[in-house]
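Quick notes on the structure that follows.
The values are calculated or read from the model by the stated rules, or taken from the named source; none is laboratory data. This is a predicted model, so every value here is computed, not measured. FYI the Cβ positions are ideal-geometry reconstructions off the backbone, even for glycines, and counts take in every protein chain you see. Only protein heavy atoms, including side chains, enter the accessible area calculation; ligands, DNA and RNA are left aside. Shrake-Rupley method; radii C 1.70, N 1.55, O 1.52, S 1.80 Å.
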Amino acid sequence: GAVVSQHPSWVICKSGTSVKIECRSLDFQATTMFWYRQFPKQSLMLMATSNEGSKATYEQGVEKDKFLINHASLTLSTLTVTSAHPEDSSFYICSAPKTPSGEKLFFGSGTQLSVL
Amino acid sequence: AQTVTQSQPEMSVQEAETVTLSCTYDTSESDYYLFWYKQPPSRQMILVIRQEAYKQQNATENRFSVNFQKAAKSFSLKISDSQLGDAAMYFCAYRSASNQFYFGTGTSLTVIP
């Protein structure tokens, strides 16, 4: 099956620093990738939709300048948490629908971010 | 916007028994997909089963089957012969015609040996 690789698996950073999370589709091209945030024992909250070659679409309430998304190629999307604060600590998951029909959504293994 | 509701935050089942997880959704679309995803303690999301709305036949994948009631907007997951490895969070998901995915709040399944 299709594989989506997400790195790093976990990261600890100091408050005020920036953290970049990478999401790669290894065996298919992903024109669209989704970024989710998940709090403990809760559902996935869609943060933004990453579109290759164009600007990301952010969900209401998600700060664009805080969570920078870049989708520079058909296999790579990155999420950068800028000036991270403890409240940004969470589990972040990327996913990509496999084209052409996109009915199957494949997930990365997630990134646990802890901001001290 | 579409909504997905899972009314059972927690469920438990005896090993080798059968359990059914409930899911309802709200939509005005006629063409969509429904999914059940499993999230074990590793937190890797794993596709369990999917159903195309235009298909009347319920999807089946080995021990996993669904009861899809389109008119009632209901999509339940039945796990037969439950195994210890089935213990996980289960999320019901809806994919719209515009390729947006919506997830329910999840059901935590415990399998009792």
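Answer with yes or no whether A:Thr49 is surrounded by 13 or more Cβ atoms within 10 Å (Cβ to Cβ), outside any loop (DSSP other than H, G, I, E, B) and either of a type in the set (D, E, K, R) or within 13 Å of chain B (Cβ to nearest Cβ) (or both). Steps first, answer last, please.
Details: surrounded by 13 or more Cβ atoms within 10 Å (Cβ to Cβ): yes; outside any loop (DSSP other than H, G, I, E, B): yes; either of a type in the set (D, E, K, R) or within 13 Å of chain B (Cβ to nearest Cβ) (or both): yes.
Yes: the conditions hold for A:Thr49.
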In the set A:Lys55, A:Lys64, A:Lys20, the lone residue that is closer than 25 Å to B:Tyr94 by Cα and among the basic types (Lys, Arg) is A:Lys55
Out of A:Ser83, A:Ser18, A:Ser109, which single residue is in contact (Cβ under 8 Å) with a residue 60 or more places away in the chain, open to solvent by 10 Å² or more (accessible area, probe 1.4 Å), within 12 Å of chain B (Cβ to nearest Cβ) and farther than 25 Å from B:Gln2 by Cα?
A:Ser109
Can you spot a residue in region B:64-79 that is surrounded by 14 or more Cβ atoms within 10 Å (Cβ to Cβ), modelled with pLDDT of 95 or more, touching a helix residue (DSSP H, G or I) at 6+ places or on another chain (Cβ under 8 Å) and at negative phi?
yes
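I'd like to know if region B:40-59 contains one or more residues that are more than 14 Å from chain A (Cβ to nearest Cβ) and modelled with pLDDT of 95 or more.
Keep residues of region B:40-59 that are more than 14 Å from chain A (Cβ to nearest Cβ), which gives B:56-58.
Next, from what is left, pick out any that are modelled with pLDDT of 95 or more: B:58.
Yes, there is a match, as at least one residue in region B:40-59 is more than 14 Å from chain A (Cβ to nearest Cβ) and modelled with pLDDT of 95 or more.
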All conditions in (1) surrounded by 20 or more Cβ atoms within 10 Å (Cβ to Cβ); (2) within 14 Å of chain B (Cβ to nearest Cβ); (3) part of a strand (DSSP E or B) are true of A:Ala30 except (3)
Residue that is farthest from the other protein chains (Cβ to nearest Cβ), among those in region A:52-76 that are within 11 Å of the chain's Cα centre (by Cα) and under 21 Å from A:Ile12 (Cα atoms)
A:Leu68
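Output the residues belonging to region B:1-21 that are without any contact (Cβ under 8 Å) to a residue 60 or more places away in the chain and either surrounded by 12 or more Cβ atoms within 10 Å (Cβ to Cβ) or among the aromatic types (Phe, Trp, Tyr) (or both).
Step one: of region B:1-21, the residues without any contact (Cβ under 8 Å) to a residue 60 or more places away in the chain are B:7, B:20.
Result: B:Thr20, single match.
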